[in-house]
Amino acid sequence: MKNLSLFILIALGFLMLNCSSPSAENIMNEAIVQAGSENLNGKEVEFKFRDKEYGAKFSNGKFEYVRLFQDTAGLVRDVLTNDGFKREINGKTVNLPDTMSHKYSNSVNSVIYFALLPYSLNDAAVNNNYLGEVTIKDEQYHKIKVTFDQAGGGEDFEDVFIYWINKDTKNIDYLAYEYNTNGGGMRFREAYNERTISDIRFVDYNNLQPTEEVELEKIDEVYSNGKLEKLSEINLESITVNSIE
């Protein structure tokens, strides 16, 4: 009987532990719904970022990301789809070395990824891990770490992200990430200028970085202590959302 009682107590302890830890997937899904990311299917989003124009189309699992800009060669049109990447200059497809194709593809994907967060953060290749609750500027947040499987995780699958999701609003107010390309580094972004267009949430970001070595999972503490330096602003301009169906 004593062994049975001990087993029951241990089992109840594990059950209570699991019940007390919120589901990272459920919290992220709530953020996706709150941001209106589910409304992107059948839509085309266009915006300007710095000196370039971007577009993203979504249709039943198919996507097309486009970047347009002028350079000395003429009008450059970069296109990333489910089938791969291509570059056109003045309407003609150009052949690129694999290294350059990967570089341009990652650049286009990165801009669209951040512009449309948290779209795609419930994909099969995404791993959401709950890190607990924290307080930032007197607001309560769920802290979620996101990693990616190599299969389906893209070129930068080894990058690690953390998202701070407001417990009340369900919005992602802060994010941080550690990347390996171009020598690697770490960034922290604080969202501002929130607006809703066609039921989809868009924000701009202050882009910050630590001035000394810090663990990614502790970067919110460094931010709260005012020890991050501002690098730039990530501002989306002239946003439009149109139906393609």
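Data overview
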{"read-out": "All positions within the stretch 105-121 that are closer than 17 Å to residue 83 by Cβ and open to solvent by less than 50 Å² (accessible area, probe 1.4 Å)", "value": "105, 106, 108, 112"}
{"read-out": "Residue 37 being modelled with pLDDT under 95 and touching a strand residue (DSSP E or B) at 6+ places or on another chain (Cβ under 9 Å)", "value": "no"}
{"read-out": "Strands (runs of 3 or more DSSP E) completely within the stretch 132-245 that count 2 or more residues being within 15 Å of the chain's Cα centre (by Cα) and at pLDDT 95 or above", "value": "139-148, 160-166, 172-179, 185-197, 200-210"}
{"read-out": "Checking residue 130 against (1) touching a Pro at 6+ places or on another chain (Cβ under 7 Å); (2) within 20 Å of residue 202 (Cβ to Cβ), the condition it does not meet", "value": "(2)"}
{"read-out": "Residue satisfying condition, being without any contact (Cβ under 8 Å) to a residue 24 or more places away in the chain, farther than 17 Å from residue 111 by Cβ, surrounded by 10 or more Cβ atoms within 10 Å (Cβ to Cβ) and touching a Gly at 6+ places or on another chain (Cβ under 9 Å), within set 75, 96", "value": "75"}
{"read-out": "Matching option when the condition is in contact with a Ser or Thr (Cβ under 9 Å, 6 or more places away or on another chain), without any contact (Cβ under 8 Å) to a residue 40 or more places away in the chain and not in a strand (DSSP E or B), among 104, 113, 119", "value": "113"}
{"read-out": "Count of the stretch 35-53 residues which are open to solvent by 50 Å² or more (accessible area, probe 1.4 Å) and of a type in the set (Val, Ile, Thr)", "value": "0"}
{"read-out": "Among residues of the stretch 122-138, those that are small (Gly, Ala, Ser) and in contact (Cβ under 8 Å) with a residue 12 or more places away in the chain, counted", "value": "2"}
{"read-out": "The stretch 78-93 - residue that is assigned to a strand (DSSP E or B) and either open to solvent by 80 Å² or more (accessible area, probe 1.4 Å) or among the hydroxyl-bearing types (Ser, Thr, Tyr) (or both) and, of those, nearest to residue 55 (Cα to Cα)", "value": "81"}
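The values are calculated or read from the model by the stated rules, or taken from the named source; none is laboratory data. The structure displayed is predicted, hence computed values, not measured ones. Here the Cβ is made from the backbone with ideal geometry for all residues, glycine too, and neighbour counts use every protein chain on show. The accessibility values were calculated without ligands, DNA or RNA, using every heavy atom of the protein model including side chains. Shrake-Rupley method; radii C 1.70, N 1.55, O 1.52, S 1.80 Å.
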